[in-house]
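Engineer: Pasting a structure here, questions to come.
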Amino acid sequence: MLFVVGYFYTTFAAIAEVLLLVFGVLLLIDFLLLYRINGIQARRTLPQRFSNGDENPVSISITNNYAFSALVKLIDEIPSQFQQRDFNFSFLMKSGEELVKKYELRPTERGEYHFGSILVFAASQIGLLRRKYAFEEPAMIPVYPSFIQMRKFEMYAISNRLTDIGIKKIRRIGHTMEFDQIKEYVQGDDVRSINWKATARSQSLMVNQFQDERSQQVINVIDMGRVMKMPFDGLHLLDYAINTSLVLANISLIKDDKAGLVTFSHNSSTVVKPERRRVHIQRIQDALYNLETNFLESDFERLIISLRRHINQRSLVMLYTNFETVSSMKRQLPYLQRIAKDHLLVVVFFQNTELEAFIKDDPENVGEVYTKIVAEKFNYEKKEIVKALNRSGIQTILTPPKELSVNAINKYLELKARGLI
């Protein structure tokens, strides 16, 4: 604009030339400041693997080697599964400063996740130019079933604090056959366990302590059919079942039982035979890593064949599946009854929490009234399924997906305490 005005007034033309010269000098200075040296360094730090459904830490270390404070915009090319195209940080870095930017990612699918480059745009406080740095740090991170959840339950189990996370303390009915030790009586001990001879010798009340029977088999059976494709809170029912299977397998190994795994679908199955060794948990985790649902109905007869071929001892079978209607359950009931003849069968299926939340809301129009009636019918059928299975002598767990792990461990400890396994 000044050049246009300066065409008519020479004073303005002189001012425009001076400003252009100043701008050119500042641009040159800015260029020299940014491009004279490689002033920015960045490096990403990742764990060896991610835990599915959990927040996983990622950190980026960035160093400013410039002799001045730099305005920095940091862009990390995170895996495409997260669908975030504007994942960036903007901040001011002092000269010689090293910062660590931390963030967390929550994957909702198992498999391989690929990170791309780290992009950094640096500018001086002049602000006319920005220099782009691209740090080629591609990385592949495998996402495994929730080992974070597994470790959390393991820590509470080892420290005998499972009640802190909702696991019920279940009173044993009668005694198991394995004697553990004689200890001093404390309030709450079974008075029937008092050892009178030891009491007379020590002159204090002593009781016999028994421990749960060991080497019992706990088999997690996962339905890979279309019924497990339903999503809740970003995860499919299959992922909830997989995470819980890993947790329960680990808890059963801590309790000195044997843990195994069986999956089944319409045409294939996976079997990890039960073992008691602690390293066995890694085999189960690897088997769970690549499991995927399909859109076909699973073959329960194939499941019976797999169990009879590979599981020769009476076991606790935790079957993770889903039934939405009584009729769908009745189609599979004869197969479930045949499994229950050979094993202690617990059928685990899921409450539709979104449907229950809708039922609690007040309808605003006639259409919502009819929809609510249909929703209540489906909710009622879930309860009828529980009753029908219980009448057939089959144990059940009807649970919200998020509470699956806690409810499965509670059922395992309950059946173990009752001596039913």
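Engineer: To the nearest 20 debye, what charge dipole does the chain have about its Cα centre, counting +1 at the Cβ of each Lys and Arg and -1 at the Cβ of each Asp and Glu?
Structural biologist: 1640 debye
Engineer: Looking at the chain as a GNM with Cα springs under 10 Å, which of Ile126, Ile254, Ile281 has the largest mean-square fluctuation?
Structural biologist: The residue with the greatest mean-square fluctuation here is Ile126.
Engineer: May I pose another question? Kindly state, to the nearest 0.05, the FRET efficiency for Val326 paired with Thr45, given R0 = 60 Å and r defined as their beta-carbon distance.
Structural biologist: The pair Val326/Thr45 has a calculated efficiency of 0.70.
Engineer: Keeping every protein chain in place, order Met150, Met329 by accessible area at 1.4 Å, biggest value first, i.e. largest first.
Structural biologist: Met150, Met329
Engineer: Another one. I'd like to know which of Tyr113, Met140, Ala123 lies farthest towards the positive end of the charge dipole of segment 83-165, counting +1 on Cβ of Lys and Arg and -1 on Cβ of Asp and Glu.
Structural biologist: Ala123
Engineer: If you take the charge dipole of the chain about its Cα centre, with +1 on Lys and Arg Cβ and -1 on Asp and Glu Cβ, which of Val100, Asn88, Tyr335 is farthest toward its positive end?
Structural biologist: Of Val100, Asn88, Tyr335, it is Tyr335.
Engineer: For a Förster distance of 45 Å, can you work out the FRET efficiency between the beta-carbons of Asn65 and Arg201, rounded to the nearest 0.05?
Structural biologist: It comes to 0.05.
Engineer: Can you list the aspartates and glutamates whose alpha carbon sits under 17 Å from that of Lys102, skipping same-chain ones fewer than 8 residues off?
Structural biologist: Candidates past the 8-residue exclusion: Asp54, Glu55, Asp76, Glu77, Asp86, Glu137.
Engineer: Considering the Cα trace of the chain, what is its radius of gyration and what is Dmax, both in angstroms?
Structural biologist: 31.7, 120
Engineer: Carbon and sulfur: what percent of the chain's accessible surface (1.4 Å probe)?
Structural biologist: Details: 11950 of 22640 Å².
It is 53 percent, rounded to a whole number.
Engineer: Check the straight Cα-Cα distances from Lys411 and name the aspartates and glutamates below 18 Å, setting aside those fewer than 8 residues away within the same chain.
Structural biologist: Glu154, Asp164, Asp212, Glu213, Asp256, Asp257, Glu403
Engineer: Let me check something: with ligands and nucleic acids excluded, how do Val22, Val271 order by accessible area (1.4 Å probe), largest to smallest?
Structural biologist: Val22, Val271
Engineer: Show me the helices of the chain, taken as full DSSP H stretches, that run 30 Å or more along their long axis by Cα and average 1.0 or above in Kyte-Doolittle hydropathy. The partial results should precede the final answer.
Structural biologist: On the way: long enough: 10-35 (37 Å, 2.29); 366-391 (38 Å, -0.49).
Helices meeting the span and hydropathy rule in the chain are 10-35.
Engineer: Counting other Cβ atoms within 10 Å of each Cβ, which trypsin sites (Lys or Arg not before Pro) in segment 215-281 have at most 12 and sit in a DSSP loop?
Structural biologist: Details: sites: Arg226, Lys229, Lys255, Lys258, Arg276, Arg277, Arg278; in loops: Lys229, Lys255, Arg276, Arg277, Arg278.
Answer in residue order: Arg277, Arg278.
Engineer: While we're here: With both partners inside the chain, how many of the DSSP beta bridges are antiparallel, as a percent to the nearest 5?
Structural biologist: Here the antiparallel bridges make up roughly 70 percent for the chain.
Engineer: As I understand it, the dipole of the chain uses +1 on the Cβ of Lys and Arg and -1 on the Cβ of Asp and Glu, about the Cα centre. Which of Ile254, Leu296, His236 lies farthest toward its positive end?
Structural biologist: Working it through, the farthest residue towards the positive pole turns out to be Ile254.
Engineer: Calculate, for the chain, the solvent-accessible area per residue in square angstrom, rolling a 1.4 angstrom probe over the heavy atoms of the protein chains.
Structural biologist: Accessible area per residue, the chain: 54 Å².
Engineer: Using a 10 angstrom Cβ neighbour count of at most 11 plus a DSSP loop assignment to flag exposed chymotrypsin sites (Phe, Trp or Tyr not before Pro), which longest range of the chain is free of such sites?
Structural biologist: So the longest stretch without any such site is 10-294.
Engineer: Any aspartates and glutamates with Cα under 20 Å of the Lys372 Cα? List them, leaving off those in the same chain fewer than 8 positions away.
Structural biologist: Answer for Lys372, where 20 Å is the Cα cut-off: Glu324, Glu354, Glu356, Asp361, Asp362, Glu364, Glu381, Glu384, listed by chain and number.
Engineer: As an exercise, use a Förster radius of 30 Å and the Cβ-Cβ distance of Glu301 and Gln351 to find the FRET efficiency, rounded to the nearest 0.05.
Structural biologist: Step by step, r from the Cβ atoms, then E = 0.60.
The values are calculated or read from the model by the stated rules, or taken from the named source; none is laboratory data. Quick caveat: nothing in here was measured; it's all calculated off a predicted structure. Virtual Cβ from ideal backbone geometry, glycine too; neighbours counted across all protein chains shown. Calculation scope for accessible area: heavy atoms of the full protein, side chains included, ligands and nucleic acids excluded. Shrake-Rupley method; radii C 1.70, N 1.55, O 1.52, S 1.80 Å.
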